[in-house]
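Accompanying notes for the structure given below.
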Amino acid sequence: MPSAPNLDPQPRSATAAFFAGVGAAWSSVLAYVLIGTYVGIAALAHDFGFSLWWVVASTVLVWAGPAQVILISALGAGATPLETALAVGLSSARLLPMVISLLPLIKTPQTRGRELVLPAHLTAISMWIESLRLLPTWPRATRIPFANGLGVGFMLAAQAGTVLGFYLAAALPPILTAGLLFLTPMSFLISTTRNCRLASDWLALALGVVLGPVLAAWQVGLDLLWTGIVAGTVAYGVGRLRRARP
Amino acid sequence: MSGELHAYALLLLVGFLPNQIWRMLGLLVAREIDENSEFFVWARAVAIAVLAGVIAKIILLPPGTLASVPLSIRLGAIACGFAAFLALRRSVFAGVAAGEVVLMLGALAHGI
């Protein structure tokens with residue numbers, strides 16, 4: 001598997017960059033992880049009685065696997081709309097630091113705010129991981145269409161999985177659905193590790209793995225956002241001290 | 001038909017909106033941030049730590065049928081997958097495949 005597409009010093013057209021992004025998505029392991037993950041999500045939605053078009057629309061509009069699992073199970077189990085909205089909102093707090101650490105990589109001084117709405121909407125764990133890895137090899141002027149292509153490519157993979165899972169729902173044995181659910185943590189752990197370069201990256205990863213479950217077990221509200229702020233700030237501080245040393 | 005409309009209204013109000021608010025907040029902040037600023041380096045560390053927390057939470061407090069696989073098998077599978085990734089020229093595919101094989105064989109041996 002190629003680790004990065006070939007470097008092209010010539011600026012390309014926006015259309016070429018967009019389709020290169022779609023291609024990069026499909027040559028990433030994460031596209032196949034998304035297919036598997038959304039087979040599982042669609043099977044869940046099917047069992048709760050949602051229509052295929054509803055699940056497809058939820059992937060376009062929500063575009064966050066964990067939030068969709070919560071949305072489908074909560075509505076399917078008869079939770080109130082307010083409870084469901086709170087649970088979805090709490091699970092999606094990670095999108096805030098992800099968008100903040102992605103958009104500055106793709107904007108230029110000339111970029112208008114509305115050009116950043118689509119990349120912000122397409123930001124999800126898969127797209128964020130591959131953007132951080134691949135964007136530095138692209139000329140800045142073509143980074144927005146490239147990032148959009150990555151996001152759209154990954155979303156197409158998720159939709160393929162959704163259709164597949166919806167029709168396979170009844171035929172999936174539990175051992176396979178357990179394997180599909182395991183795809184997310186396994187692939188995200190490895191691809192995040194591959195992206196770690198700075199000392200603060202490594203430390204943030206290690207501290208987050210420990211602190212996340214601890215705060216969840218203590219039932220702290222917004223546990224993931226606090227994990228990020230505490231572990232991320234300590235990691236940043238240590239990294240900055242190391243940089244300051246001669 | 002009104003039931004179907006109701007389902008789409010719920011999707012917008014309790015699925016789309018509470019999720020999207022974080023992305024739009026991020027957009028507002030990111031517009032003012034430079035790639036070389038200290039705030040950007042900090043936000044990157046925060047995002048990695050959140051993701052690490054998500055990964056650990058799924059392994060320790062898993063959803064759905066993954067919960068029926070014992071914790072020892074889940075931890076063994078993630079360790080094997082990680083080791084395979086490091087050993088086999090940092091191949092993401094090899095790591096994911098190795099982790100999945102260990103998890104499914106473990107689950108099979110456990111009678112799931």
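Taking the options B:L108, B:L66, B:L51, B:L11, name whichever one is surrounded by fewer than 14 Cβ atoms within 10 Å (Cβ to Cβ) and facing chain A (nearest Cβ under 7 Å).
So the residue among B:L108, B:L66, B:L51, B:L11 that is surrounded by fewer than 14 Cβ atoms within 10 Å (Cβ to Cβ) and facing chain A (nearest Cβ under 7 Å) is B:L108.
For chain B, give me every one of the helices (runs of 4 or more DSSP H) that falls completely inside it and has 1 or more residues that are under 20 Å from A:L207 (Cβ atoms) and touching a helix residue (DSSP H, G or I) at 6+ places or on another chain (Cβ under 8 Å).
B:38-60, B:71-87
For every residue, the table says whether it meets (1) modelled with pLDDT under 95; (2) assigned to a helix (DSSP H, G or I); (3) surrounded by fewer than 20 Cβ atoms within 10 Å (Cβ to Cβ); (4) outside the structural domain of A:A87 (by TED's automatic domain parsing).
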residue	(1), (2), (3), (4)
A:G153	no, yes, no, no
A:G165	yes, yes, no, no
A:P185	yes, yes, no, no
A:L207	no, yes, no, yes
A:Q219	yes, no, yes, yes
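Give B:L28, B:L103, B:L88 a once-over and let me know the one that is on the phi < 0 side of the Ramachandran plot and crowded, with 17+ Cβ neighbours inside 10 Å.
Result of the check over B:L28, B:L103, B:L88: B:L103.
Among what's in segment A:15-43 and is touching a Phe, Trp or Tyr at 6+ places or on another chain (Cβ under 9 Å) and farther than 28 Å from A:R194 by Cα, pick the residue that is surrounded by the most Cβ atoms within 10 Å (Cβ to Cβ).
Per the criteria, the residue is A:A42.
From the list B:S91, B:S72, which one is hydroxyl-bearing (S, T, Y), more than 7 Å from chain A (Cβ to nearest Cβ) and out of contact with any strand residue (DSSP E or B) (no Cβ under 6 Å at 6 or more places or on another chain)?
Only one candidate qualifies: B:S72.
With the checklist (1) closer than 28 Å to A:W53 by Cα; (2) over 18 Å from the mean Cα position of the chain (by Cα) in hand, flag the one item A:H121 doesn't pass.
Condition (2) is where A:H121 drops out.
Counting just the residues of segment A:212-226 that are in contact (Cβ under 8 Å) with a residue 12 or more places away in the chain and touching an Asp or Glu at 6+ places or on another chain (Cβ under 9 Å), which one comes out nearest to B:G53 (Cα to Cα)?
Top of the filtered list is A:G212.
Would you say A:R94 is of a type in the set (K, R), under 18 Å from the mean Cα position of the chain (by Cα) and not assigned by TED's automatic domain parsing to the domain that holds A:V230?
When the stated conditions are applied, A:R94 passes them.
Sort out which residues of segment B:18-48 are facing another protein chain (nearest Cβ under 7 Å) and within 21 Å of A:W54 (Cβ to Cβ), and write them in order of number.
Those that are facing another protein chain (nearest Cβ under 7 Å) and within 21 Å of A:W54 (Cβ to Cβ): B:P18, B:N19.
Six or more apart or on different chains, Cβ under 6 Å: which pairs go from a residue in segment B:88-112 that's in contact (Cβ under 8 Å) with a residue 12 or more places away in the chain to one that's aromatic (F, W, Y)? Could you list them?
Within 6 Å, the pairs are B:G95/B:F85; B:L103/A:F182.
The values are calculated or read from the model by the stated rules, or taken from the named source; none is laboratory data. All values derive from a computational prediction rather than experimental measurement. Neighbour counts are summed over all protein chains in view; Cβ atoms, including those assigned to glycine, are modelled from backbone coordinates with ideal geometry.
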